[in-house]
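Working notes for the structure below.
The values are calculated or read from the model by the stated rules, or taken from the named source; none is laboratory data. Bear in mind that the values here come from a model prediction, so they are computed numbers and not experimental data. Cβ placement follows ideal geometry from the backbone for every residue including glycine, while neighbour counts extend to all protein chains displayed.
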Amino acid sequence: MTAEASSNYAIDVRGLNKHFGDKYVVRDVSLRVRRGEIFGFLGPNGSGKTTTIRMVCGLLKPDAGAGTCLGYDIGRESAEIKRNVGYMTQRFSFWEDLTIRENLDFVARMYDIPSRKAAVEEALQGLGLKERASQLAGGLSGGWKQRMALAACMLHQPRLLLLDEPTAGVDPRARRDFWDEIQSLAARGISVLVSTHYMDEAVRCHKLAYIAWGRLLTQGSAAEVITGQRLSTWALYGQRLAELQEVLRNQPGVEQTVTFGDTLHVSGTDAEALRQTIESTAHSAGLRAEKIDTGLEDVFIHLMSGSDRGDGGKS
Amino acid sequence: MSRRNPFSTVRWWSIVLKEFTQLRRDRLTFAMIVGIPIVQMIIFGYGINTNPKHLDTAIISADSSNITRSFIEALQNSSYFRIVGTLPNEAAGRAALAQGKVLFVINIPPGFTRRLLRGEHPSLLIEADATDPTATANALAAVNGIVQSVIQQEITGPLAVLRGKPAPFSVAVHPLYNPEDITQYNVVSGLMGVILTLTMVLMTGLAITRERERGTMENLLAMPSTPIEVMSGKLIPYIGIGLIQATIILLAARYVFQVPFFGNVGAVYLSALLFIAANLTVGITFSSLARNQLQAVQLGIFYFLPNILLSGFMFPFKGMPDWAQAIGNLLPLTYFNRLVRGILLKGNGWANSWPSVWPMMIFTFALMAVAVASYRRTLD
Ligand SMILES: Nc1ncnc2c1ncn2[C@@H]1O[C@H](COP(=O)(O)OP(=O)(O)OP(=O)(O)O)[C@@H](O)[C@H]1O
Ligand SMILES: [Mg+2]
């Protein structure tokens, strides 16, 4: 019996900390991922996403903190964790001097998959790489490498997928296929922790966590993350938004201005002050202004700019 | 309980297959496997085989007589020495040696002939440039024979009483250099250990650091493989390579250098197998310790130098100072050299081989433990 039966969490880690030399990379990170949940892990470059994922699957030893992964202790039972987890590394880490088939075959043997040949052929079929199966993996384009890596880490039908930026460099169609696949896996009870920089992927996750400077800033469903920041946002439409942005930046109530094409999003936590500023500015500039629902992207940009204040700035 | 399995043959085999496949595609490594033994055999084997002759020699003659002229002529005739000129004094002789203009200076002291005729047993001095002892050893070894023949020819008639023992004059070789009997046989059989050390340690030294440097280690560590599977699986192909190299060397020794095989060739292979295992554990330990491939190569070379210098391959083991012998006694190559020379050249059997076998076994097991202990299971 595994401890999983007594736990609803695929990942349940508390107070993870990690230093590299005197660099404090992950600070008191606690994550809870339910079974069958797609959990999005977001944060700027160098914020500690990869490091956290590596600690969860036992590839790095946390300096402090503990927890379980699929019910197994992340410190003591990494062998069991490895057997049941599919980890896709951020950097392509398959053997470039082996062919695609040889790579998959190696993985299949490693996990001692029953009916190995059939599983490998099926994976190749699913990838659409059957004809190129005897091509060296090193010769694949970046996007195809990602797709091969993804297929390889799902080969042994893991109960938890840890995917570190799995769709970086993957074209939109393949990305959509990938997310459809992830969603059907989740429906079958497989849990997924996926790090990403894409907002359209973030909104497809059941839960999100945002990390910056090694600190977990918020965690919850997209709606919870958004309301948690108590941000109100206005959209301004028109020309010469860059100038307007300069003007608005120091006005009362304005904490953040972001342009999206021909739209300027202005956000702040003081809703009333912001409303007054926007209305007067919009009237004087003759622009159309409209209060909109704060989006994830607005929230993340807000989190990112807030996080480098205080002691979080030390890297 | 979940099934725990510290050693799975399926996983192990997957690593063996992967290593073989990668090795097969790595042409440079493949060229090294065959190239290193051949190149080394040519360099060392040929260098020893030439038995250098016509070595430049200068004479300082403070005495000229039939006997000394006859001695010098005999030196020329022996074809080891080529007299390139005469020098006025000892200082000039030293300078010529120091500058490498000559390899030998033959110093005939004043009154040599007179003292010889009085039966005072004078000495001739040969100063040799011993920086390359193998170059001068054969020539010096020939000198005694030359002395005897000169005595036979020149010391005749009334002087014949001076014949017989002790010789009426002697030759002092300076600086005295008396190497153990290094012959071509000795070198060729010793080469097997040197080549195996070089290739086994260097190639396996890269085995794990290469994975780390290419980023594939993260993947390997994320899979359920255990250290013992990864290490032993990675080493298997190199055992094959080591045996191929041993075969190349044995074939060359037998058919190119005509080394006589007095002992059992099967025993040589068994010894080679043990020695390969010892070196693989060294390499894989370096591979775990090194942060990158460059460091692994540096460690390999660092290990290789004392091996080539202190194992009895380059210099006679018994002639080394105690501290050097102490270091040499820690190296498997020292035992392998003795073992293989013993088997090949002396026809040694099991009883005579055992004293060289057990130290290698201890070395192998000890380092295997170090290697497994130093294998990093995480990316820290
Ligand atoms: N092995 C290591 N040694 C030293 N520092 C490291 C190591 N691995 C990561 N770091 C540092 O830890 C910090 C967090 O790195 P990490 O890779 O976890 O970030 P990330 O959130 O995954 O970034 P990205 O979005 O760019 O992938 C960075 O500052 C990085 O330089
Ligand atoms: Mg990362």
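Values for this structure:
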read-out: Among residues of the stretch A:211-254, those that are farther than 19 Å from A:VAL33 by Cα, touching a His at 6+ places or on another chain (Cβ under 8 Å) and of a type in the set (S, T, N, Q), counted; value: 2
read-out: Qualifying residue in the stretch A:28-40 (condition: assigned to a strand (DSSP E or B), among the polar types (S, T, N, Q) and either in contact (Cβ under 8 Å) with a residue 40 or more places away in the chain or within 13 Å of another protein chain (Cβ to nearest Cβ) (or both)); value: yes
read-out: Every residue from the stretch A:7-37 that is within 16 Å of ligand 2 (Cβ to nearest atom), farther than 21 Å from A:GLU77 by Cα and surrounded by 15 or more Cβ atoms within 10 Å (Cβ to Cβ); value: A:VAL25, A:VAL26
read-out: Residue, farthest from the other protein chains (Cβ to nearest Cβ), within the stretch B:351-380, restricted to residues that are closer than 27 Å to B:LEU206 by Cβ, small (Gly, Ala, Ser) and free of Cβ contacts under 8 Å to residues at least 24 places away in the same chain; value: B:ALA366
read-out: Residue satisfying all of: in the stretch B:199-255; small (Gly, Ala, Ser) and farther than 30 Å from A:ARG83 by Cα; nearest to the other protein chains (Cβ to nearest Cβ) among these; value: B:GLY240
read-out: Residue match in the stretch B:199-207 (condition: modelled with pLDDT of 90 or more and of a type in the set (Gly, Ala, Ser)); value: no
read-out: Output for the stretch A:294-305, where each listed residue is surrounded by fewer than 16 Cβ atoms within 10 Å (Cβ to Cβ) and in contact with a helix residue (DSSP H, G or I) (Cβ under 8 Å, 6 or more places away or on another chain); value: A:GLU297
read-out: Selection from the stretch A:102-134 of residues that are away from chain B (no Cβ under 11 Å) and polar (S, T, N, Q); value: A:SER115, A:GLN125, A:SER134
read-out: Residue match in the stretch A:266-274 (condition: surrounded by fewer than 17 Cβ atoms within 10 Å (Cβ to Cβ), part of a helix (DSSP H, G or I) and of a type in the set (S, T, N, Q)); value: no
read-out: Residue under evaluation A:GLY48, criteria (1) within 16 Å of ligand 2 (Cβ to nearest atom); (2) surrounded by 21 or more Cβ atoms within 10 Å (Cβ to Cβ); (3) within 11 Å of chain B (Cβ to nearest Cβ), criterion not met; value: (3)
read-out: Given (1) of a type outside the set (S, T, N, Q); (2) away from ligand 1 (no atom under 13 Å from the Cβ); (3) closer than 30 Å to A:LEU136 by Cα, number of the condition A:ARG91 does not satisfy; value: (2)
read-out: Any hit, the stretch B:104-116, residues being in a strand (DSSP E or B) and of a type in the set (Ser, Thr, Tyr); value: no
read-out: The stretch A:135-169, residues that are surrounded by fewer than 17 Cβ atoms within 10 Å (Cβ to Cβ) and more than 18 Å from A:ILE182 (Cβ to Cβ); value: A:GLN135, A:LEU136, A:GLY138, A:GLY139, A:SER141, A:GLY142
read-out: Residue count, the stretch A:229-243 (criterion: among the polar types (S, T, N, Q) and over 15 Å from A:VAL254 (Cα atoms)); value: 1
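Let's see how each residue does on (1) over 19 Å from the mean Cα position of the chain (by Cα); (2) more than 13 Å from ligand 1 (Cβ to nearest atom); (3) buried (at least 21 other Cβ atoms within 10 Å of the Cβ):
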| position | (1), (2), (3) |
| --- | --- |
| A:PHE41 | no, no, yes |
| A:ILE53 | no, no, yes |
| A:TYR72 | yes, yes, yes |
| A:GLU77 | yes, yes, no |
